[in-house]
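To start, the structure under review is shown below, and the notes come after it.
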């Protein structure tokens with residue numbers, strides 16, 4: 001695929017050149033086949049190639065085409081549930097392992113970027129979780145306390161300190177985690193692909209897998225332009241999971257997350273917008289997230305139309321909200337609007353499945369995919385090379401299709417409407 005095949009976005013307009021990933025041509029052999037060229041698949045391929053494993057990645061479009069190249073760029077730590085809840089759900093041993101792994105995922109990500117010298121505007125300036133309703137502010141305070149108790153690089157800001165960090169007085173409580181940060185995500189995906197190639201992985205874009213079967217103890221993947229035989233297969237398709245393997249698509253809910261971006265804002269204006277320069281996401285039933293990039297553009301995102309968009313007009317509500325937060329933005333040029341499909345799970349945890357012998361799947365990051373999927377790639381590489389499931393940082397679970405999955409779009413729209421009402425009235 002060429003760059004012109006990418007959906008329009010600020011990232012597509014400003015990204016560094018993509019690595020060459022020609023379509024598969026003919027028949028190939030691999031130790032491990034990875035299906036999907038997003039963060040999960042590319043990180044898995046990189047970690048496998050570093051171990052000397054013969055790995056092939058097949059991507060239907062090009063690396064970073066999906067939500068990996070269209071997300072908010074926030075490198076957020078942790079899981080959606082708080083650490084205490086994780087340990088209650090999974091026990092002190094496994095739960096503690098999950099907490100340590102997930103809250104260290106940003107450092108894992110930035111260390112990988114440094115080691116492979118990936119040019120993606122990486123900035124480890126922290127993440128801010130902010131609440132404007134008293135109920136959610138109490139939740140932010142609990143989260144901060146749990147992080148501090150575990151020695152995480154977390155601080156709690158309230159009152160004047162919260163106002164100084166964000167540039168306005170809307171937020172009652174702000175938790176800052178210094179481990180987080182942001183990247184230009186399409187550049188990061190392309191950089192991961194290039195790093196995997198330098199390590200020895202083979203990546204084919206424009207190569208959808210149309211059928212997957214097992215024959216003679218090996219997996220056989222059919223594509224329009226050839227076949228791949230492999231001992232092990234990793235399915236890394238996340239929010240764009242199709243029906244390649246029964247029940248997997250129905251185990252997650254794909255949710256479009258939308259973003260609007262300004263042109264670079266004059267220095268005298270941008271200084272008062274998010275002075276902390278970390279990546280902020282609101283604590284509420286419906287998350288709004290925002291950051292100022294290194295060129296001085298404001299990017300603001302949240303739930304939007306549950307269909308693809310190509311400009312900022314369908315997400316005018318995000319622009320209106322940004323101008324409500326910072327009136328000095330009135331008159332700024334809003335140049336881009338776009339979205340991509342994330343994968344949400346019913347229990348809000350990422351899912352790893354051994355769907356069949358030698359067939360692994362990993363998906364469902366619930367809005368924390370940049371850091372978590374990068375780190376999970378290392379764990380999937382361990383599984384694919386024989387590490388027992390009980391020794392990795394996340395549980396391996398059966399595939400559990402969500403009931404009434406066919407109505408997901410109506411369900412998401414209803415949940416968004418309910419969440420906006422609850423957030424507005426502090427419920």
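Some points to look at:
- Just one residue in the set 107, 119 is in contact (Cβ under 8 Å) with a residue 40 or more places away in the chain and assigned to a loop (DSSP other than H, G, I, E, B); that residue is 119.
- Check on residue 186, in contact with a helix residue (DSSP H, G or I) (Cβ under 9 Å, 6 or more places away or on another chain), surrounded by 18 or more Cβ atoms within 10 Å (Cβ to Cβ) and at pLDDT 95 or above: yes
- Exclusive hit being at negative phi, in a strand (DSSP E or B) and either touching a residue at least 12 places away in the same chain (Cβ under 8 Å) or outside the structural domain of residue 297 (by TED's automatic domain parsing) (or both), set 221, 162, 193: 221
- Only one of 413, 394 that is at pLDDT below 95 and either out of contact with any strand residue (DSSP E or B) (no Cβ under 9 Å at 6 or more places or on another chain) or not in a strand (DSSP E or B) (or both): 413
- Residue 135, sole failed condition from (1) within 30 Å of residue 17 (Cβ to Cβ); (2) at pLDDT below 95: (1)
- Test result for residue 41, assigned to a loop (DSSP other than H, G, I, E, B), in contact (Cβ under 8 Å) with a residue 12 or more places away in the chain and either crowded, with 24+ Cβ neighbours inside 10 Å or touching a strand residue (DSSP E or B) at 6+ places or on another chain (Cβ under 8 Å) (or both): no
- One residue stands out in region 17-34 among those that are outside any loop (DSSP other than H, G, I, E, B) and out of contact with any helix residue (DSSP H, G or I) (no Cβ under 7 Å at 6 or more places or on another chain): the one that is surrounded by the most Cβ atoms within 10 Å (Cβ to Cβ), namely 33.
- Residue within region 67-75 that is part of a helix (DSSP H, G or I), in contact (Cβ under 8 Å) with a residue 24 or more places away in the chain and either surrounded by fewer than 24 Cβ atoms within 10 Å (Cβ to Cβ) or in contact with a strand residue (DSSP E or B) (Cβ under 6 Å, 6 or more places away or on another chain) (or both) present: yes
The values are calculated or read from the model by the stated rules, or taken from the named source; none is laboratory data. Just so you know, these numbers come straight off a predicted model, no measurement behind them. Note: ideal-geometry Cβ built from the backbone for every residue, glycine included; neighbour counts use all protein chains shown.
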